[in-house]
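Enquirer: Below is one structure. I have some questions about it.
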Amino acid sequence: MSQKSLHLRLGIVASLFALFLMFYAIPNYVFAPSNVRNIILSPKFWPYVLAGFTAFIGLALLFNAVTSATDTPFEDEETGHPEGSAPWMRLGALGAIMLLVMFGLPLLGMVWTAMLAFAACAFLFRTRHPVAAVVCAVVVPLLLYAFFAHVAGVAIPQGEFVRLP
Amino acid sequence: MSLMDSLAAGFALVGNIEAFLMLFIGLVVGVIAGAIPGLSATMAVALTLPFTFAMTPINAILLLLGVYKGGIFGGSIPAILIKTPGTPASSATILDGHPMAERGEAGRALGMALYASCTADAVSNLALILFAGWLASFALNFGPPEFFALILFSLTIIAGVSGESLLRGALSALAGLLLATIGLDLVYGTNRFTLGNPNMMGGLNFIAVLIGLFAIPEIISMAWNPVAHLGKTRALGKSRCSWADYKNSFKSIIRGSMIGVFLGSIPGIGAAPAAFLSYSEARRTSKNQANFGKGEIEGVAASESGNNGVAGATLIPLLALGVPGDVITAIIIGAFMVHGLQPGPMMFILNVDIIYGLFIGLIVSSVFLLIVGSVAIRGFRFVADVPKRILMPGVLILCIYGVFAVNNNIFDVGVMFVMGWVGYIMMRNRIPAAPFLIAFILGPLLEDNFRQAMLMSGSDPIILFRGPITWFFWFLTCLTVFAITRSTLRKRVPLS
């Protein structure tokens, strides 16, 4: 990717986001008391200022992309870039693991969820040490549980099935 | 309270084995994290933060400062051995450190890196002790307009941490400022972008955002390309850094330390420019000018003293003004807040024992760094050989536990994951994460002081220019913006 195309893309996104903020998000999701007459003291003032600056930066990015003479790719662009759909599938799988962690934390408890997440991630990353990965998947969450629950006094979620001391 | 009273109070606070043990552990963790490519000092400080919740404030801050200082030195180990800087500040060390490693003199280069780091660290700590109190007493006269002008100036830090593009850095900062507006309004208590969710009324948790931005993207990158990290490690070799090497490089070390102190005390400059400036000054004045870039030990000394000279000095604006000098000190500000402390001039009155306790701890940290660093150099192989495809799932689990522990709230874990994907998208689009975090921290302070000033003046903006202190910061802000614009235009890449 070149700087020109990157700035073009970012400029469009920033400008659209600023418009979204100014015309939808701020009017609908920022609440100001009706008795505030002075806009400078209103809770909406600061978000509007930031939205304005975002629009300005978006336009500056677009201007930079349009006026940029060169369209050369970044020098340090990732070499050995993985080909095909496998990287995307791994990203999707990692996203799914994160989602399952969110559901698993109240249901299974943090320790068991963490064990499963550790093992799943290690195999997703194609570890060359599967035995070590499984051992770590069991030991690391238990050690962290011991520290946070018994030293730091944090109420680690225990889940609905197996409870730890 | 007299100086002796303050010192005694500081000693009373840190004069126990636990405080020094925390400092020592912090240095060990920092050096190890810095030595593992892909685990930066920033990430190490962020991941250590949740472990400090149950500690006393002084122990917690000492632990984090240990991680910070250890991480900065640790970054030089992979820079020299595998040409991969553990921290951006170690980039200059590659120039001569790696050629030395290729010649079989890695042990000598690492030894010099350690001695230069410890010397610069001591000089930097001394500067902190001398100047922070003086600056804080000056800052006691500040009201909301002065703080607004100061924080606005501090936002120019963003130019220093924006990397290759100022525009992308500014975009990142605006996203951080916008994210900081989530929660209840500071003055009227009305909802802002909370979407009716009670979890968002107190704003997004700082640690969830921080860990999400700095640790999770590395894990997602690992999913994208699990073999990207594989590299070749060099042997230490038999030669060691001698007293003569140190003596010959001493002038460059002291000069580098001074450069580090000067640049570190200015918010936003950071360690990398200090390392490169120190390196270029050493090359300009050295008798062995021709050897620079080919494995000159004085080059290693200069770059390492430059980047370590920054470490103590970045704490000057942090402690005296409550303004972060760089991204790691921004995280440390968060740690102060988690422990109920507000860095800034008032801390020199309300928590003077903690301030002097930190000073004492920092002086000791230079000696500890020498010990930990010497062992780390010998044990580097074990650190470099940690399988990253097991390490990263471990980091993920650590993040989940750590973020949950802040508020005992699963919602924060979700915020961390979302911010992780945001951070990854930013990384793929070459948008730096550091401006986002700094703006996220400074945003509420900026808005709060602005609105307080407006309330004081009946919405008259003239109050923002009410006296010499505000003029001074406005002048500095204008000067910085002018300098940034000029240097950007000189590069012939308009505003990029």
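Enquirer: Between B:Met4 and B:Val227, how many nm apart are label points set 7 Å from Cα along the C-beta direction?
Expert: Each label point is offset 7 Å from its Cα along the Cβ direction, giving 6.9 nm.
Enquirer: What FRET efficiency comes out for the pair B:Asn291/B:Leu455, r = Cβ-Cβ distance, R0 = 51 Å, nearest 0.05? Before the final figure, lay out each step's value.
Expert: On the way: r = 62 Å, r/R0 = 1.22.
Calculated transfer efficiency: 0.25.
Enquirer: In region A:24-50, which residues give up 30 Å² or more of accessible area once the other protein chains are added, compared with their chain alone (1.4 Å probe)?
Expert: Residues meeting the cut-off: A:Tyr29, A:Val30, A:Phe31, A:Pro33, A:Ile40, A:Leu41, A:Pro43, A:Trp46, A:Pro47, A:Leu50.
Enquirer: Something else: List residues of region B:169-212, by number, whose backbone nitrogen lies under 18 Å from a label position 7 Å along Cα→C-beta of A:Tyr48.
Expert: Answer for this model: B:178, B:181-182, B:185-193.
Enquirer: Further question: With contacts defined as alpha carbon pairs under 8 Å and 6 or more residues apart, what's the relative contact order of chain B in percent?
Expert: 28
Enquirer: Also: Figure the gain on full extension for B:Phe11 and B:Arg284 (residue separation times 0.36 nm, minus the Cα-Cα span) and round it to one decimal in nm.
Expert: Working it through step by step, the gained length comes to 93.9 nm.
Enquirer: Also, I was wondering about something else. Rounded to the nearest whole Å², what accessible area per residue is found for region A:3-67 with the 1.4 Å probe?
Expert: Solvent-accessible surface per residue comes out at 53 Å².
Enquirer: Just checking the output field for A:94-101: average partner chain Cβ neighbours within 10 Å of each residue's Cβ? Intermediate values should be presented prior to the final figure.
Expert: Numbers: counts 11, 4, 0, 4, 12, 2, 0, 7.
Averaged over the peptide's residues, the number is 5.
Enquirer: How many square angstrom of accessible surface are buried between B and A, both sides summed, with a 1.4 Å probe and rounding to 100?
Expert: Interface area, both chains combined: 6200 Å², rounded to the nearest 100.
Enquirer: In whole percent, how big is the carbon plus sulfur part of the accessible area of chain B, probe 1.4 Å, protein atoms only?
Expert: Using a 1.4 Å probe with all protein chains present, chain B comes out at 67 percent carbon and sulfur.
Enquirer: Using 0.36 nm per residue of separation minus the Cα-Cα distance, give me the extension gain between B:Phe138 and B:Arg240 in nm, one decimal.
Expert: 32.0 nm
Enquirer: Per residue, how many Å² of accessible area does region B:3-490 show with a 1.4 Å probe?
Expert: It amounts to 35 Å² per residue over region B:3-490.
Enquirer: Using the beta-carbon distance between B:Val386 and B:Asn429 and R0 = 25 Å, what value does 1/(1 + (r/R0)^6) give for FRET efficiency, to the nearest 0.05? Mind showing how you got there, number by number?
Expert: Details: r = 30 Å, r/R0 = 1.19.
After rounding to 0.05, the efficiency reads 0.25.
Enquirer: I would also like to ask the following. Using only atoms on other chains, find how many Cβ atoms lie within 10 Å of each Cβ of peptide A:136-147 and report the average.
Expert: Working: counts 6, 4, 0, 1, 6, 5, 0, 2, 9, 1, 0, 5.
Partner Cβ neighbours, averaged per residue: 3.
Enquirer: Continuing with this model, one more query. With a Förster radius of 45 Å, plug the Cβ-Cβ distance of A:Leu142 and A:Phe31 into 1/(1 + (r/R0)^6) and report the FRET value to the nearest 0.05.
Expert: 0.45
The values are calculated or read from the model by the stated rules, or taken from the named source; none is laboratory data. Source: prediction; values computed, not measured. Virtual Cβ from ideal backbone geometry, glycine too; neighbours counted across all protein chains shown. SASA here: full protein model, heavy atoms, side chains in, ligands and nucleic acids out. Shrake-Rupley method; radii C 1.70, N 1.55, O 1.52, S 1.80 Å.
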